[in-house]
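Undergrad: If you scroll down you'll find the structure; I have some questions about it.
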Amino acid sequence: MMFAQLLPPLLRGAEITAQITLASTLLGALFAFAAGIGKLSRHRALRWPAVGYIEVFRGTSLLVQLFWLFFALPIIGISLSPLSAGILGLSLNIGAYGAEVVRGALQATARGQREAARALNFTPRQTLWRILLPQALPEMMPPFGNLAVQNLKDSALVSLITLADLTYQAQNLRNITLQTVPILTATLLLYFAMALVLTAAMRWLERRVRYAAGHER
Amino acid sequence: MLFGYHWNLTSDWAFALSILPMLLKGLVVTVEATVLGYLLALTLGLLLALLRMAPSRLVAWPTAFIIEFLRDTPLLVQLYFLYFVLPLYGINLPAFLTGTLALGLQYSAYTSEVYRAGIKAVPKGQWEAALALDLTPLRTYRDIIVPQAIPRILPALGNYLVSIIKDTPILSAVTVLEMLDVAKMVGDRTFRYMVPLTMVGVLFLLLTLLTATALRRLERRLPQRGIPLR
Amino acid sequence: MNPAVRFRQVTKRFGDLTVLEQFDFEVAQGEIVTLIGASGSGKSTVLRILMTLEELQDGEVEIEGEPLWHERKGGRTVAASEQHLRRMRKKVGMVFQQFNLFPHMSVLRNITEAPIHVLQLPRAEAETRARELLRLVGLEEKADAFPEQLSGGQQQRVAIARALAMRPRVLLFDEPTSALDPEMVGEVLNVIRQVAGEHELTMILVTHEMNFAREISDRVCFFDQGRILEQGPPEQIFTAPREERTREFLRTVLPDSGRT
């Protein structure tokens, strides 16, 4: 009986958590590729900003980053809604970690592949897109899977900038009902379930990527 | 005013300078929580790894589940759980200890995987050789396996020290006055968030860079092969 | 007529190690030259400089009379731009010891990818040509296979077809059979032999297959410590080497032909 009343608000929060995780993981992948590729560029104008971004966001705390986006930015006139600040903070953070994955996988491609591409006179850009990335992408997928779960867990921090995610709803509900144990247990289980689903989804995606990379035309 | 210090709002630089002592006070708490949480993670992680590798499935499987559960749920929610649920069972810990306990618990799941991977990476032939020499399981572990696993384990454990530093601000959610919480408090009272929050970011950057550099130095001094244990 | 390839006073160092020093070397158009010598003597470096996989410290390389590493701009000689290198690279192709086929592409696409995207050939034309080349190397039926499904010898034959598809003027072979199991060496050498017979190509080979070198080459160059110690027609090098070091080298690689 108790659970039946507690569950709907928690599920509403879980939905927000899922949306934020999905959005920030996708946006984070974009940052990851841009910075990971940028870090390997021959041009300083691309390499240095990429290195700076990666170092700053991997070197500081996510919560500090979220607070900075949410509390500090409005002072210089840039006001982000909790949702934008949350998604932006999460994706910038996870993107910096993802960038190292992208860079590592690209660097791990065999040297002979670059040399063959050069001998066939591909431009550096063609070499990246046609030769190196298709080979590196499948190697990136397992660490990307870990990062996606990491991102799901990290998303709990957006509750601290007043975003009504699962953790926020749990805290709220706890304050109202004082049903601490069932609420927090259900919350942990919901996160666990979402992590399992996310892991399974990333495995599926990995298989798809491996298939596409090996048999694309 | 905070911790007996006053802030100076005449300029950004004066403000920054005046709140630095407060932030450094918070930094001390950050470092304390990190060290304590890390030590807990190293110890608990070893315990979890040993249970996970226990010959009996009755022990190994539930341990595997616990590790997975700790790894897959947010530190913040685990922290809330400990902070709000433990007192219901009569365990009243100061917020700081609850916080380090949460850090230690979450990270023990990670370190246990490091220990396990390190031990599993010791070639099978070593176990077989130990068996052929009729060594007891205890001797096999102590004299053969662990010394060879250590060089693989230590660098990975080091990385988690850096991660744990970055996770300490989460403790502010249960009123632990670490660096971020101090900065937030300054911001709440002066309505100037940019300076304190940026300073906290820089201090964290310094802290993680220093730690990472120290770890890399240490790593280079580590033997690449087995470490003999006395 | 300009020589196909000319090295003038080329110096190449890797850190403290000098691999080539004031190195001079010429290959005439249509000539087939084999470079032999101990490993580390600089043979592969010559090919890799020609393919622009290695830069040089001093000197100049010309391909068909045109400088490779420099270009003339407004009456002055300046370091080659990427555009210049790309234009020059079109004249050269290379077959690698490790084949270096693209593992994520079918055999056909390995061959057509560069003609389509670098030479801008229409796909249909590139594919027709690729199938002709596959016929030449005897792998017509493998067009849709992936590299991992082929033997080493087959992969190297595809790599040769891939290099030919770019219609190079100079084709470089960097130890094309060294990574192969012994039973596959023959099929690859056959293909090279056939290419030499059917195409108006300048070819420079680095190989340890001495009998093959003797049979196919117009000229053999013996490398020793970054210089060409001795060169000449294969008959002369293999039957009457003038230098003691050459004799010594041939004795170690051809135990039964050292006595002449």
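Undergrad: With every protein chain left in place, what is the accessible area per residue of the protein assembly as shown in square angstrom, probe 1.4 Å? Spell out each step's value before the answer.
TA: Working: 33330 Å² over 707 residues.
About 47 Å² of surface per residue is accessible.
Undergrad: Based on Cβ point charges of +1 for Lys and Arg and -1 for Asp and Glu, what charge dipole magnitude is obtained for the range A:93-136 about its Cα centre, in debye rounded to the nearest 20?
TA: Working: 6 positive and 2 negative charges, 31 e Å.
That gives the range A:93-136 a dipole magnitude of about 160 debye.
Undergrad: In the structure shown, do any of A:39/B:184; A:39/B:25; C:43/C:142; C:43/C:90 have a Cα-Cα gap over 25 Å, and if so which?
TA: Correct reply: A:39/B:184; A:39/B:25; C:43/C:142.
Undergrad: Please list 3J(HN,Hα) in residue order for the range B:81-95, calculated via the Karplus relation 6.51 cos²θ - 1.76 cosθ + 1.60 where θ = phi - 60°; whole Hz, with x for glycine and proline.
TA: Working through the residues one at a time gives 4, 4, 5, 9, 8, 3, x, 5, 9, x, 9, 9, 9, x, 3 Hz.
Undergrad: Taking amide H positions as placed 1.01 Å from N in the peptide plane, with prolines and chain starts having none, which residues 5 or more places from residue C:26, or on another chain, fall under 5 Å of its amide H?
TA: C:7
Undergrad: Here is a follow-up. Among B:105, B:21, B:92, which residue has its Cα positioned farthest towards the positive end of the charge dipole of the range B:1-158, with +1 placed on the Cβ of Lys and Arg, -1 on the Cβ of Asp and Glu, and the dipole taken about the Cα centre?
TA: Positive-end residue among those listed: B:105.
Undergrad: Just to confirm the number: angle between the C-alpha axis of helix B:12-52 and the first principal axis of chain B, 0 to 90 degrees, nearest 10?
TA: Between the helix axis and the principal axis of chain B, the angle is about 20 degrees.
Undergrad: Among the aspartates and glutamates, which fall within straight-line cross-link reach of residue C:73, defined as a Cα-Cα distance under 17 Å, with same-chain neighbours fewer than 8 residues apart omitted?
TA: Once the sequence-local aspartates and glutamates are set aside, what remains near residue C:73 is C:60, C:62, C:82.
Undergrad: A further question on this structure: To the nearest 10 degrees, how steeply does helix A:133-154 sit against the main Cα axis of chain A, on a 0 to 90 scale?
TA: For A:133-154 against chain A, the angle is about 20 degrees.
Undergrad: Moving on. Would you work out which of A:18, A:128, A:159 lies farthest towards the positive end of the dipole of chain A? Charges go on Cβ: Lys and Arg +1, Asp and Glu -1.
TA: The residue sitting farthest along the positive end of the dipole is A:128.
Undergrad: I need the per residue convex hull volume for the range B:9-221, using only the alpha carbons, in cubic angstrom as a whole number. Show your work: numbers first, answer last.
TA: On the way: hull volume 29.1 nm³, N = 213.
So the per-residue Cα hull volume is 137 Å³.
Undergrad: Normalised by the number of residues in the range C:94-244, what is the relative contact order in percent for Cα pairs under 8 Å and 6+ residues apart?
TA: On the way: 203 pairs, mean separation 34.2, N = 151.
Answer for the range C:94-244 is 23 percent.
Undergrad: Could you work out, residue by residue across B:84-90, how many beta carbons of other chains sit within 10 Å of that residue's beta carbon, and then give the average as an integer?
TA: Shielding by partners across B:84-90 averages 2.
Undergrad: Pairs of alpha-carbon atoms within less than 8 angstrom and 6+ residues apart define the contacts here; what relative contact order does chain C have, in percent? Please report the intermediate quantities before stating the final value.
TA: On the way: 475 pairs, mean separation 61.9, N = 260.
Computed over chain C, the figure is 24 percent.
Undergrad: Taking H as built 1.01 Å from N, whose amide H comes closer than 5 Å to the amide H of residue C:230, not counting residues under 5 places away?
TA: C:222
Undergrad: Amide H neighbours of residue C:66 under 5 Å, counting only residues 5+ apart in sequence or on other chains, H built in-plane at 1.01 Å?
TA: Amide H neighbours of residue C:66: none.
Undergrad: If I take the Cα coordinates of the protein assembly as shown and project them onto the principal axes, what are the three extents in Å, biggest first?
TA: Largest first, the protein assembly as shown extends 98, 75, 49 Å along its Cα principal axes.
Undergrad: Take the range A:1-128, compute every pairwise Cα distance, and split them into 10 Å bins from 0; I just need the percent in each bin.
TA: 12, 29, 28, 16, 10, 3, 1, 0
Undergrad: While we're here: Taking all protein chains as present, what is the carbon and sulfur share of the accessible area of the protein assembly as shown, in % to the nearest whole number, probe 1.4 Å?
TA: Working: 19440 of 33330 Å².
Carbon plus sulfur share of accessible area: 58 percent.
Undergrad: Quick check for me: using +1 on Lys/Arg Cβ and -1 on Asp/Glu Cβ, what's the dipole size of chain C about its Cα centre, in debye to the nearest 20? Walk me through the intermediate numbers first.
TA: Details: 33 positive and 39 negative charges, 136 e Å.
Around 660 debye, computed over chain C.
Undergrad: Now a separate question. Please turn the phi angles of the range A:84-101 into ³J(HN,Hα) values with the Karplus equation 6.51 cos²θ - 1.76 cosθ + 1.60 (θ = phi - 60°), one per residue in order, whole Hz, x for glycine and proline.
TA: 5, 4, x, 5, 5, x, 4, 6, 5, 5, 5, x, 5, 5, x, 4, 5, 5
Undergrad: Sticking with this structure for a sec: Peptide A:72-82: average number of partner chain Cβ atoms within 10 Å per residue?
TA: 2
Undergrad: Work out the mean other chain Cβ neighbour count within 10 Å for the residues of B:65-76 and drop it here as an integer. Mind dumping the intermediate values first?
TA: On the way: counts 1, 0, 0, 4, 5, 2, 6, 13, 11, 14, 4, 11.
The per-residue average across the peptide is 6.
Undergrad: Work from the charge dipole of the protein assembly as shown (Cβ charges, +1 for Lys and Arg, -1 for Asp and Glu, about the Cα centre) and give the residue of C:158, B:197, C:231 farthest towards its positive end.
TA: The one lying farthest along the dipole's positive direction is B:197.
Undergrad: So what does the Cα-only Debye profile of the range C:56-140 read at q = 0.15, 0.23, 0.25 Å⁻¹, as log10 I(q)/I(0), no solvent term?
TA: -0.74, -1.13, -1.23
Undergrad: Checking the cross-link filter: which aspartates and glutamates have an alpha carbon closer than 16 Å to that of residue A:153, excluding same-chain neighbours under 8 positions apart?
TA: Within the straight-line cut-off, residue A:153 pairs with A:15, A:165, B:68, B:72, B:167.
Undergrad: List the accessible area buried at the contact between B and A, summed over both sides and calculated with a 1.4 Å probe, in Å² to the nearest 100. Mind dumping the intermediate values first?
TA: Values: alone 13590 and 12710 Å², together 23130 Å².
In total, this chain pair buries about 3200 Å².
Undergrad: In the calculated pair distance distribution of chain A, what percentage of Cα-Cα distances lie above 24 Å?
TA: Numbers: 12044 of 23436 pairs.
Cα-Cα pairs of chain A separated by over 24 Å account for 51 percent.
Undergrad: Over all directions, average the projected area of the Cα convex hull of the range A:118-217 and note it in nm².
TA: On the way: hull surface 35.4 nm².
The Cα convex hull of the range A:118-217, projected and averaged over all directions, gives 8.8 nm².
Undergrad: Can you give the charge dipole size of the range A:3-216 about its Cα centre, rounded to the nearest 20 debye, using +1 on the beta carbon of Lys and Arg and -1 on the beta carbon of Asp and Glu?
TA: Details: 18 positive and 9 negative charges, 156 e Å.
Dipole size: approximately 740 debye.
Undergrad: Another question, then. Quick check on chain C: what does the Kirkwood estimate of hydrodynamic radius come out to from the alpha carbon pairs, in Å?
TA: Working: mean 1/r = 0.0521 Å⁻¹.
In chain C this quantity evaluates to 19.2 Å.
Undergrad: Moving on. What residue among C:44, C:217, C:178 shows peak mean-square fluctuation when chain C is described by a Gaussian network model with Cα springs under 10 Å?
TA: Comparing C:44, C:217, C:178 in a Gaussian network model of chain C, the most mobile one is C:178.
Undergrad: Taking θ as phi - 60°, what are the ³J(HN,Hα) couplings along the range C:119-135 by the Karplus curve (6.51, -1.76, 1.60), each to the nearest whole Hz, with x for Gly and Pro?
TA: Values, residue by residue: 8, 6, 6, x, 4, 4, 5, 4, 6, 4, 5, 4, 5, 4, 5, 5, 5 Hz.
Undergrad: Roughly speaking, what is the stretch gain from residue B:218 to residue B:134, that is 0.36 nm per residue apart minus the C-alpha to C-alpha distance, in nm to one decimal? Numbers along the way, then the final one.
TA: Numbers: separation 84, 0.36 × 84 = 30.24 nm, distance 3.60 nm.
26.6 nm is the gain from fully extending residue B:218 to residue B:134.
Undergrad: Among C:54, C:132, what's the order by accessible area (1.4 angstrom probe), most exposed first?
TA: Order by accessible area, largest first: C:132, C:54.
The values are calculated or read from the model by the stated rules, or taken from the named source; none is laboratory data. Only a predicted model underlies this, so the values are computations on that prediction, with no experimental measurement involved. For neighbour counting, all protein chains shown are included, and Cβ atoms are generated from backbone atoms with ideal geometry for every residue, glycine included. Note: accessible area is taken over every heavy atom of the protein model, side chains too, but ligands, DNA and RNA are not part of it. Shrake-Rupley method; radii C 1.70, N 1.55, O 1.52, S 1.80 Å.
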